[in-house]
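For reference, the structure is listed below as structure tokens.
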Amino acid sequence: MPFVQDGRELITRAFREGFALPAFNFCSLEMAQGCVDAATALNAPIILQTYQADLAFASPKVMVALVKALAEESGVPIMLHLDHGLGLEMAQTCLQAGYSSVMLDGGNLEFNELVRQTKILAEIAHDMNASLEVSAERFNQGESAPSNPEEALALFEAGADMVACSVGSEHGQTSSLDLTRLETIAVTTKAPLVLHGGSGIAEQHLIAAKKLGVVKVNIGSASYRALLKVWKETSVLNNHRAVYTQAREAVSLKATHFIKLLGH
């Protein structure tokens, strides 16, 4: 079945074959369709993901039904992931609804507490045939500090299937990666890694990153900026369907770019 129920299947494949999956944030039908259109045209697997705030627009059950229907029509492997989940309760709700994967965002937790929660959620996720992403980002007065390779390894040992690393990228900002640190983390963990803030990372760094065990790159800003640009430029149209169509096409163009960049 095109919908990937157990995210570990796709993550393991990407790690083994040396490519990265773009993980596209969405909160509407046209955003999801645009990404799936690109994946279908390129016959490439992708991840669709909902940020915590996106669940205010539709419940996890609705998001699961939407993505499953799109995946079935498309025929390409698509998994659904919870991005930056707020604690165990939200993650469990999404898993019960049928998500393929969830993220535990523990940036504001003491590390020992993060490890404890990782063990709990890993057992829950794996019992429900789903994957778990945990963030190895550490925060100090709101700023993200570089990830510690040993902490990343500890999260894998606690049960994480992939670990998000802070190596220079920033949400919504143009950025470059500390490839030396990323390589150290990759050598230490020998396991699937994740990058956030993928929209603004230099292309040559993304190409290098997928050779260093990065299997998932979050793409959010690129899609919503393309969407907002269309809405702004077409606001004078007296046809909402035309606006939705153009928005879907704009998102698809962005998705196509990242699928080609991160794929084989």
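A few remarks follow.
- The slack in the chain from Gln204 to Gln52, taken as 0.36 nm per residue of separation less the alpha-carbon distance, amounts to 51.7 nm.
- Among Ser74, Ser131, Ser166, the largest mean-square fluctuation in a Gaussian network model of the chain (Cα springs under 10 Å) belongs to Ser74.
- Span from the segment 192-264 Cα centroid across to the segment 158-181 one, whole angstrom: 18 Å
- Rel. contact order, % - alpha carbon contacts under 8 angstrom, at least six apart, segment 212-259: 43 percent
- Reported label for calculated Kirkwood radius over Cα pairs in Å given (i) 19.3; (ii) 20.3; (iii) 18.2: (iii)
- For segment 3-74, taking Cα atoms only, Rg and Dmax work out to 12.3, 36 Å respectively.
- Taking 18 Å as the limit for the C-alpha separation, the pairs Lys190/Lys210; Lys190/Lys260; Lys61/Lys119; Lys61/Lys254; Lys68/Lys254 exceed it in the case of Lys190/Lys260; Lys61/Lys119; Lys61/Lys254; Lys68/Lys254.
- The chain - percent relative contact order, Cα under 8 Å, separation 6 or more: 23 percent
- 222 nm mean residue ellipticity, helices alone, for the chain (DSSP H n ≥ 4; -39,500 (n - 2.57); rounded to 500): -16000 deg cm²/dmol
- Under a model in which nothing but the beta-carbon of Lys, Arg (+1) and Asp, Glu (-1) is charged, the chain shows a dipole of about 680 debye around its Cα centre.
- Here r is the Cβ-Cβ distance between Leu228 and Ala65 and R0 is 30 Å; the resulting FRET efficiency, rounded to 0.05, is 0.70.
- The angle between the Cα long axis of helix 7-17 and the main principal axis of the chain comes to about 80°, on a 0 to 90 degree scale.
- 0 to 90° range, to nearest 10: angle between helix 111-127 axis and the chain longest Cα axis: 60 degrees
- Candidates Gly107, Gln117, Ala130 compared by Cα position along the dipole of segment 59-182: farthest toward the positive end lies Ala130, with charges placed on Cβ.
- Candidates Gly168, Gly198, His264 compared by Cα position along the dipole of segment 159-264: farthest toward the positive end lies His264, with charges placed on Cβ.
- Heavy-atom accessible surface of the chain: percent carbon and sulfur, 1.4 Å: 51 percent
- If the segment from His126 to Thr12 were pulled out straight at 0.36 nm per residue, it would be longer than the present Cα-Cα gap by 39.6 nm.
The values are calculated or read from the model by the stated rules, or taken from the named source; none is laboratory data. All figures in this text were calculated on a predicted structure; none of them were measured in a lab. Positions of Cβ are backbone-derived with ideal geometry, glycine not excepted, and every protein chain shown enters the neighbour counts. Accessible surface areas use protein heavy atoms only, side chains included; no ligands, DNA or RNA. Shrake-Rupley method; radii C 1.70, N 1.55, O 1.52, S 1.80 Å.
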